[in-house]
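The values are calculated or read from the model by the stated rules, or taken from the named source; none is laboratory data. Since the model is a prediction, treat every value here as computed from it, not as a measurement. We place every Cβ from the backbone using ideal geometry, glycine too, and count neighbours over all the protein chains shown. In case anyone asks, the SASA skips ligands and DNA or RNA and just uses the protein heavy atoms, side chains included. Shrake-Rupley method; radii C 1.70, N 1.55, O 1.52, S 1.80 Å.
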Amino acid sequence: MGEVAVMRSEPLQFECNDMKHLTEGDAYATESNAEIDHREESSQSTDHEKTNDLREKGYMEYGCQHYRRRCCIRAPCCNEVFDCRHCHNEAKNDISIDQKLRHDIPRHQVKQVICSLCGTEQEVQQHCINCGVCMGKYFCETCKLFDDDQVSKQQYHCDGCGICRTGGRENFFHCYKCGCCYSILLKDSHPCIEGAMHHDCPVCFEYLFESRNDVTVMPCGHTIHKSCLDEMREHYKYACPLCSKSVCDMSKVWEKFDLEMAAIPIPEPYQNKMVWILCNDCCKTSRVQFHFVAQKCLNCKSYNTRQTRGRDC
């Protein structure tokens, strides 16, 4: 019985060279620790998967026509609940609302949100304090913005604008003189105009700075909705509604004007009539012969002119 290893206090010797210096206690402890570590890792992995599944619950299933999100907001201005700020603004600026009561929501002042899954009202944060669901894959604490559609929109917060933009930060730059983000393609070529984006579209009158529709910069530097500019071209309107400068290269059109004017003789009473014109494209004045079709600028050869009395603008 003296050879029973488990009763001895001195180390148990094994024939295996790799385990030559291990005691019986060490051998059993090593196996036990390995099992415990495996169980802990398995448990942690399971908990992590459960947490992720919970946070992803309801993804892209809630929201409105403006945003896919898993929460609503309580408007600080009227204390009513809406899916998003655009839903609020559309409802509170409807023609049926008394003009004195119409208003926009102060987006940065939103303090309370309501989880769409469990209905818990809470302070603005990305994850629900009750059910733990992620209320928006994209979350901006400054703008109080939640949006699950992060992949296609590529939202980012611009400190210069003070609001969130879409399209990817790497594709835009902020022009501090114009006061807005422009495509990186315009970084060294666009004409700067003070606060160019802080006004209404000259066609549809929507405020451009906060518009969700694509905005483009015309050669004169003024901004307009891309869809509005396309509609202008469909109606053969090629001048900026604000300054009347041509919005594209019109040289081919001016050549056709030359041919048309040459084909139309001027009646004798008007053959010696001279008029002063102002060119909308180059801002130069010229004294030219009157014609019924148009007057041609002597400086840039443009027909985008108007009769005037003054000097160069």
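Details
- From largest to smallest, the equivalent ellipsoid semi-axes obtained for region 119-216 from the alpha-carbon gyration tensor read 31, 14, 12 Å.
- Accessible surface of region 182-229 [probe 1.4 Å, protein heavy atoms]: carbon and sulfur percent: 52 percent
- For region 266-307, the carbon plus sulfur part of the accessible surface works out to 46%, probe radius 1.4 Å.
- Here r is the Cβ-Cβ distance between Phe205 and Asn130 and R0 is 41 Å; the resulting FRET efficiency, rounded to 0.05, is 0.45.
- Accessible area per residue, Å², region 136-265 with all protein chains present, probe 1.4 Å: 57 Å²
- Straight-line cross-link reach from Lys245 at under 29 Å between alpha-carbon atoms covers these lysines, not counting any fewer than eight positions away in the same chain: Lys177, Lys187, Lys226, Lys237, Lys256, Lys273, Lys284, Lys296, Lys301.
- Average silhouette area of region 213-277, convex hull of alpha-carbon atoms, in square nanometres: 6.1 nm²
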